[in-house]
Amino acid sequence: MSDIPDKSTFASLYSGQAPWDIGRPQKAFIDVADQIAGSILDAGCGTGDNALFFASRGHRVTGIDFLEEPILRAKRKAMERDSSVTFLVKDALTLNDWSERIDNVIDCGLFHVFSDDDRKRYVAGLATVLKPGGRLFVLCFSNEEPGTQGPRRVSRKELHEAFAEGWTIESIQPSRFEVIPNLKEFTFSEGGPKSWFAVMRRVG
């Protein structure tokens, strides 16, 4: 699955239990929650656990995903928890056309699914929706994760190159992705796939 995945790849993963759909927010985002103030866009929100976590802390949160199934599940969770998150079926590659302006973007496992060209489109869209001084928080697979299962690996150098113009990189730290226990189709490092947790600030 290290080739660039398409919609059908994700649709089939969501037809079962997607490896990353752990039923709670990723620890990397919990750990930085106190550093995040203002409105949040969760790009590639999946079934909404990170978005719902930040909404429970009083943030105005919008979650987007290009698939209907995870958004339906996210909306159900929001109803059950009486949460005010806005969940939308929307492709993160179309952020350029969006009139919303947001204080923060969280990206949990989206950046690493894009081809080089789509990555450029995505970063340009992020630059459009983030207010000047706004911050982007990215959790992506690291090139230090062995093997080829799961998404494409991202190097520290690639992160620097992707955000070279119009951004300040505040930090890139080694982290881990939490995945569901007893994965049958994937073998990752013990403790979860090695990843980067990166924080970028929009200049302007």
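See the values below:
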{"item": "Distance in nm between pseudo-label sites at F186 and S56 (7 Å out along the Cβ direction from Cα)", "result": "2.3"}
{"item": "With every protein chain in place, the chain: carbon and sulfur % of accessible area (1.4 Å)", "result": "48"}
{"item": "20 Å Cα-Cα reach of K77 towards lysines, excluding residues that sit fewer than 8 places from it in its own chain", "result": "K27, K90"}
{"item": "Counted charge near S83, where neighbours are those whose Cβ lies closer than 14 Å (Asp, Glu -1; Lys, Arg +1)", "result": "+3"}
{"item": "In Å², nearest 10: area of I180 left accessible to a 1.4 Å probe", "result": "20"}
{"item": "Ratio of the Cα radius of gyration of segment 66-153 to 2.2 N^0.38 Å, where N counts its residues", "result": "1.23"}
{"item": "Set of aspartates and glutamates with alpha-carbon distance to K194 below 12 Å, sequence-local pairs under 8 removed", "result": "E144, E145, E178"}
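The values are calculated or read from the model by the stated rules, or taken from the named source; none is laboratory data. If you're wondering where the values come from, they're calculated on a predicted model, not measured in any experiment. No Cβ is skipped: glycine too gets one built from the backbone with ideal geometry, and neighbour counts run over all protein chains shown. Accessible surface areas use protein heavy atoms only, side chains included; no ligands, DNA or RNA. Shrake-Rupley method; radii C 1.70, N 1.55, O 1.52, S 1.80 Å.
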